[in-house]
Amino acid sequence: MNPQFLIGPVSPLGSPAPFWFITFFKVLGFILHMIPMNIWYAGMVLVAIYATFGKNHSLELAHRLSRTMPVIVAVGVNLGIVPLLFTQVGYYQFYYPAGILMAHAWFSVIIILIFAYYGVYVYSLSVRKNKSTKFALASAWISSIAFIFIGFLFANNFSLMSNLNSWIHIFNKTNVGGAVLGTGLNTSDPTLIPRWLMMFGLAMTTTAVFIAFDAVFFKKRDTSEDYKRWAGKFALILYVIGLVWFAAFGSWYIFGAMDKSVIAEVTAHPLIYFLFGLTAVSPGFVLVTLFVQRKGLKKGGVILATVLQVVTLSLNAVSRQWVQNVEIFRYEDISKLPVNTQWSPMIVFLILFVIGLAVVGWMIAKIAAVEKQAANIS
Amino acid sequence: MHYPWWYVPNLTSPMLIALIATVHVFVSLYAVGGGIVLAGEVSYAYKVNNKSLLDYLKSHTLFFILLTVVFGAITGVGIWWTIGLASPLATESLIHIFVFGWAMEYVFFVLEIVSAFIFHYYWGRLDAGTHKTIGWIYAVAAYISLVLITGITAFQLDIGNWTPDKGMWVAFFNPQTFPQIIARSGASLLLASLYIYLHAAFKLKNDHQLRALVENRTSKWAMAGAALVTIGGAWWYFNIPPSAKAALAGASALNILSILVFAASAVVFFMLFFGPYRNPGWINPGFAILYFLLGIAATGTGEFIREGVRKPYIVYNYVTGNNVLVSEIPKLQSTGYLNGGTWTKAFMKAHYPQVFDTTGNIDDAKLLQLPEGDQVKVGQVLFQYHCNNCHSVGGFSGVAELTRGWSKDMIHTVVTHLAKAHFFMPPWCGTQAEAQMLTEYLASLSEPSPPGMRFGKAVNPALKQLADGTLREEGGK
């Protein structure tokens, strides 16, 4: 079967925004989602491990992380809506079939996420109440494993989106009278495993920076200098491990698993060397920043590391988008689909977006003032 | 058609949407109404400086957050997930029309999340004025998100003056939007009150005085909510398109359900008036649970009806239940349903290449030359893509049951006159040859008439055989 046959028709309504706009918000949304997502993805594993085996500082780390975790998950899940929305509007011909072919697994994300999220709360509340129970500990473990499994399902769906040969394979294997059972997964795709595991490395690096950030900026009153020193060192070590992990699976992905024709097409554009080069070296800057502070974290240094890490994540997101577009354009150049821009709703959205940011800013300023006051009193 | 169809045996995949949407609405309405009530009550408590009321409201806020921010938010995302899986074409269309509506909604979600957490975690640390303001930011953001999402679901029931060349605003301000906003605003306040009764009945079990205060104050919100539900519901009913009105009148299940909703709402209203409003303090956990379940039943049924009367459309006059655009139907009827669908065509090409003509299209004459067994199999493909949205085989609304005892002719007549048999089915969207295949398939499933039923004079088989002399013969064999 020719994979082209499986691409559904273009929407007669026309795209409500130009392709660049959709891609921009998809990538921006993904970056914003990735920051908190990374923190719970690797962070919950640390929480589970140190809540079980940790002593002193490492146990304190588990407690500190788990206290902020409910908020991080809530914000991250919310921020995930944006890239998903723009994926659906720009890449619908690819996104929906991929989801449907693995419908059961994709549907289960919701169920698993509910359990994972309540697990985060159970452990977090137990820490807040200073009552650690076996149940709470088990919840932390279940959540951390559930998040990683959800990551696996996401890697499946998003790799399946641009692998139409897999569609044929799954369609042939799992249909009843031409309707799919939704029991497929993209496991025949060699990029699946490295794509899935790569993210965990990146997540470790982001979590490392967050640990430094947390030590310096959150709950100053009860942070001992000792913990802060330990956190600086720990962040550096975790960053190195994450980076090595990321580099290992990233190389497997690019050199061992990616389709040669995709590589050829990606590298046909001269700009890509620049982009990939920057993407590759950017974590190095964060690493240096953390290394310099290995004997003691400084506010300015941590802010710099945070900004550089966000840049790293952004470069990553842009590179991913580039590759995804190349993969999809092999089948159809969706950037050239008819556009029927909805100007006034777009403008209203942008205005509300700015107002929303301002209101969030105002609220955060209010709590920052409260925190500052509390710090000054103590 | 445009997308692969997800086959869920016995249940049908759209039932999963109904499932998630119903559990979501119980919590999402509370997320809105509860936000408004909490902001209002916290403002009141600060004004009269009632410390114990504030303490109670704080504990309620944690309950509220645990339910709305986790379960409410994730099941909300879950609806998206599911509609994309089970109604992909309608979802694609809605997202094209309303992408910026959803994007705006998302801005308000973020505001909700941030304000809810600050409202809770900084309770007692922010000054009263700021704390109140943050409560109201939550309430307003949540309310706007209700308004936005209601415009979209209202559009599904009646597109009003919208045509594909018109943008989002025309779609949003359809005849259904305002009545539904009123009804849902009411439902949100009413449901939030029931959650508060439930929580207070347990939490304040031993604090009779405070509980009486909470009940009395909450009952005002609840009665305002009940009034809005009634006004919005009536307005809604007078505004629904004729097909929906006919569906309400015609489908006995919907009919009974809508009476149930009104009955449940009325009972709740009376219970509110004579209960917490006139005699605050007497709600015990048992009553609170009863109230709550009644509220849940009324809300769930209301939403079920709202979904049910939309048939045969998913988006009124735009996308039908079998996931095709209304505008494509004439073409499908002349050149074939299998031929018009991306996935059906790919399937046919892989399995029955012999039915394609030289231009690469399916030829009806060749289709009819397939051996009988294959015709049944092709009929199954048609069933999956044309009927499985609403019918399973032997489970939910199963065709094997619906056609019990039918002759092939009867089946064929219904297949070719679907929309005439029941206006809440789409018209037959394929060719005559395809109708033939589907008939073969349905006939292969159709259950026989139940044995042992008789009409007219009783006939004892043994006597009958005795009478025509066949008994001894058979017995001798």
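The values are calculated or read from the model by the stated rules, or taken from the named source; none is laboratory data. Quantities reported herein were computed from a predicted structural model and do not represent experimental measurements. Positions of Cβ are generated from backbone atoms using ideal geometry, with glycine treated the same way; all protein chains shown enter the neighbour counts. Keep in mind that these areas ignore ligands, DNA and RNA; they rest on the heavy atoms of the full protein, side chains included. Shrake-Rupley method; radii C 1.70, N 1.55, O 1.52, S 1.80 Å.
Residue-wise test of (1) open to solvent by less than 40 Å² (accessible area, probe 1.4 Å); (2) over 31 Å from the mean Cα position of the chain (by Cα).
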{"position": "B:TYR352", "(1), (2)": "yes, yes"}
{"position": "B:ASP357", "(1), (2)": "no, yes"}
{"position": "B:ASN388", "(1), (2)": "yes, no"}
{"position": "B:ASP409", "(1), (2)": "no, yes"}
Legend entry - Candidate set from the stretch A:30-57 (those that are open to solvent by 20 Å² or more (accessible area, probe 1.4 Å) and polar (S, T, N, Q)); member that is farthest from the other protein chains (Cβ to nearest Cβ): A:ASN56
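Residues checked against (1) at pLDDT 95 or above; (2) within 12 Å of chain B (Cβ to nearest Cβ); (3) open to solvent by less than 10 Å² (accessible area, probe 1.4 Å):
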| position | (1), (2), (3) |
| --- | --- |
| A:HIS104 | yes, yes, no |
| A:LYS131 | no, no, no |
| A:ALA146 | yes, no, no |
| A:SER166 | yes, no, yes |
| A:GLY178 | yes, yes, yes |
Legend entry - Tally, over the stretch B:101-143, of residues that are out of contact with any Leu (no Cβ under 9 Å at 6 or more places or on another chain), within 11 Å of another protein chain (Cβ to nearest Cβ), touching a residue at least 24 places away in the same chain (Cβ under 8 Å) and not polar (S, T, N, Q): 7
Legend entry - For B:PHE119: the one exception among (1) at pLDDT below 95; (2) surrounded by 24 or more Cβ atoms within 10 Å (Cβ to Cβ): (1)
Inset, instruction - Could you list all residues from the stretch A:1-28 that are at the interface with chain B (Cβ under 9 Å from one of its Cβ atoms), at negative phi and open to solvent by less than 30 Å² (accessible area, probe 1.4 Å)? - result: A:LEU6, A:ILE7, A:GLY8, A:SER11, A:LEU13, A:SER15, A:PRO16, A:ALA17, A:ILE22, A:PHE25
Inset, instruction - For the stretch B:53-67, indicate whether the set of residues that are open to solvent by 10 Å² or more (accessible area, probe 1.4 Å), at the interface with chain A (Cβ under 10 Å from one of its Cβ atoms), touching a residue at least 24 places away in the same chain (Cβ under 8 Å) and not in a helix (DSSP H, G or I) is non-empty. - result: no
Legend entry - Residues of the stretch B:322-366 satisfying the condition of being out of contact with any helix residue (DSSP H, G or I) (no Cβ under 6 Å at 6 or more places or on another chain), aliphatic (A, V, I, L, M) and within 13 Å of chain A (Cβ to nearest Cβ): B:VAL324, B:LEU325, B:VAL326, B:ALA350
Inset, instruction - Would you mind listing the helices (runs of 4 or more DSSP H) fully within the stretch B:161-266 where at least 3 residues are out of contact with any strand residue (DSSP E or B) (no Cβ under 8 Å at 6 or more places or on another chain), open to solvent by less than 30 Å² (accessible area, probe 1.4 Å) and more than 14 Å from chain A (Cβ to nearest Cβ)? - result: B:177-203, B:208-239, B:242-250
Legend entry - Hey, B:ILE296 among the β-branched types (Val, Ile, Thr), in contact (Cβ under 8 Å) with a residue 40 or more places away in the chain and surrounded by fewer than 22 Cβ atoms within 10 Å (Cβ to Cβ) or not: yes
Inset, instruction - State which residue pairs qualify: first residue more than 8 Å from chain B (Cβ to nearest Cβ) and at negative phi and inside the stretch A:111-129, second residue surrounded by fewer than 20 Cβ atoms within 10 Å (Cβ to Cβ) and of a type in the set (Val, Ile, Thr) in any location, beta carbons under 8 Å apart, and separation of 6 or more residues or different chains. - result: A:ILE112/A:ILE150; A:ALA116/A:ILE150; A:SER126/A:THR133
Legend entry - Filter pass, A:LEU61 being more than 11 Å from every other protein chain (Cβ to nearest Cβ), at pLDDT 95 or above and within 19 Å of the chain's Cα centre (by Cα): no
Inset, instruction - Go through the residues of the stretch A:213-221 one by one and say whether even a single one is in contact (Cβ under 8 Å) with a residue 60 or more places away in the chain, within 29 Å of A:ARG320 (Cα to Cα), open to solvent by less than 50 Å² (accessible area, probe 1.4 Å) and under 23 Å from the mean Cα position of the chain (by Cα). - result: yes
Inset, instruction - Check B:TYR56, B:TYR30, B:TYR3 and return the single one that is at pLDDT 95 or above, closer than 22 Å to B:PHE304 by Cα, hydroxyl-bearing (Ser, Thr, Tyr) and out of contact with any Asp or Glu (no Cβ under 6 Å at 6 or more places or on another chain). - result: B:TYR30
Legend entry - Members of the stretch A:250-269 that are in a helix (DSSP H, G or I) and charged (D, E, K, R): A:LYS260, A:GLU265
Inset, instruction - For the stretch B:144-155, state whether one or more residues are facing chain A (nearest Cβ under 7 Å) and surrounded by fewer than 24 Cβ atoms within 10 Å (Cβ to Cβ). - result: no
Inset, instruction - Tell me, please, whether a residue that is surrounded by 14 or more Cβ atoms within 10 Å (Cβ to Cβ) and at the interface with another protein chain (Cβ under 9 Å from one of its Cβ atoms) can be found in the stretch A:328-340. - result: yes
Legend entry - Scan of the stretch B:34-52 for residues that are open to solvent by less than 50 Å² (accessible area, probe 1.4 Å) and farther than 19 Å from B:ALA116 by Cα, ordered by number: B:ASN50
Legend entry - The listed residue being under 30 Å from A:ALA369 (Cα atoms) and either of a type in the set (Gly, Ala, Ser) or in contact with a His (Cβ under 6 Å, 6 or more places away or on another chain) (or both), out of A:ALA264, A:ALA248, A:ALA280, A:ALA305: A:ALA305
